[in-house]
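J.: Have a look at this one.
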Amino acid sequence: MTKAQEIAKYIVETGTKETTTGNYIFEFDEINQKFGVNVPDDIDMYNDIIGALFDGYDDMICEIEDPLKRRAFDIVFYLENCPNAEDFDDNY
């Protein structure tokens with residue numbers, strides 16, 4: 001498993017487990033510190049992470065907000081993959 005695949009796995013496993021809304025944000029600083037990388041300055045690593053997220057987890061990820069603009073991996077997961085997601089009533 002490459003470092004980018006390891007990071008993508010961490011993002012998906014942690015995000016789907018921790019979210020209650022389907023959305024979870026991973027600041028670049030958090031990823032850099034935890035994995036010893038330098039995203040987004042290391043553009044190859046950044047692209048490899050994005051590729052690993054889309055290639056390996058496209059059935060779990062609904063959307064990734066523009067990471068370079070937000071300076072974070074802001075991910076929306078499909079709720080059926082989020083065991084702690086709250087059940088929202090559309091009537092509110």
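J.: With the other protein chains left in place, how much accessible area per residue, in square angstrom, belongs to the chain at a 1.4 angstrom probe?
T.: Working: 5760 Å² over 92 residues.
It amounts to 63 Å² per residue over the chain.
J.: Can you pull the percent of the chain's accessible area that's carbon plus sulfur, 1.4 Å probe, other chains left in place? Show your work: numbers first, answer last.
T.: Details: 2420 of 5760 Å².
Roughly 42 percent of what the probe reaches on the chain is carbon or sulfur.
J.: If the reach is capped at under 19 angstrom between alpha carbons, list the aspartates and glutamates near K34, excluding any in the same chain fewer than eight residues apart.
T.: Reachable aspartates and glutamates: E6, E13, E18, D42, D44, D48, D74.
J.: List the relative contact order of the chain as a percent without decimals, with contacts defined as Cα pairs under 8 Å and 6+ residues apart.
T.: Details: 118 pairs, mean separation 35.2, N = 92.
The normalised contact order for the chain reaches 38 percent.
J.: Still on this model: In debye, nearest 20, what is the charge dipole magnitude of the chain about its Cα centre with +1 on Lys and Arg Cβ and -1 on Asp and Glu Cβ, if you could check? Each step should come with its number before you reach the end.
T.: Details: 7 positive and 22 negative charges, 73 e Å.
Using only the charged Cβ atoms, the result is roughly 360 debye.
The values are calculated or read from the model by the stated rules, or taken from the named source; none is laboratory data. None of the values given here were measured: they were computed from a predicted structure. Please note: Cβ atoms are built from the backbone with ideal geometry, for glycine as well, and neighbour counts cover all protein chains shown. Just the protein is used for accessible areas: all its heavy atoms, side chains included, with ligands, DNA and RNA removed. Shrake-Rupley method; radii C 1.70, N 1.55, O 1.52, S 1.80 Å.
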